[in-house]
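Quick note: the coordinates plus some simple rules give every number you see, no bench work behind them. A quick note: this is a predicted structure, and the numbers were derived from the prediction, not measured. Reconstructed Cβ throughout: ideal geometry from the backbone, glycine too, with neighbour counts over all protein chains shown.
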Amino acid sequence: VKSVVPTRFGNIELQAKREGDELAIDLIVPNSTTAEVRLPRGYSRLVCGDKSDKVLILTKGRYTIIAK
């Protein structure tokens, strides 16, 4: 899945790809915004760097998130 959502702050860009039993999510969060990333059905946790939870709050930047 690949999606670009234009906002007044810039584009939210998302790409998700299943890799074995995991889901790899690449996300770009525009300046002056935050993203709330929720656990997709069928997975037990999200991992992004040193963060791991069922819901992640991310500020502006580029992220790789793994759903396990």
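Points to keep in mind about this one:
- Assigned charges on the beta-carbon of Lys, Arg, Asp, Glu; the chain dipole about Cα centre (debye): 160
- Working note: Karplus 6.51/-1.76/1.60 with θ = phi - 60° gives the range 56-64 the couplings 10, 9, 10, 8, 3, x, 10, 9, 10 Hz, where Gly and Pro are set to x.
- Extending 7 Å from the Cα toward the beta-carbon at both CYS48 and ARG18 defines two label points whose distance is 2.3 nm.
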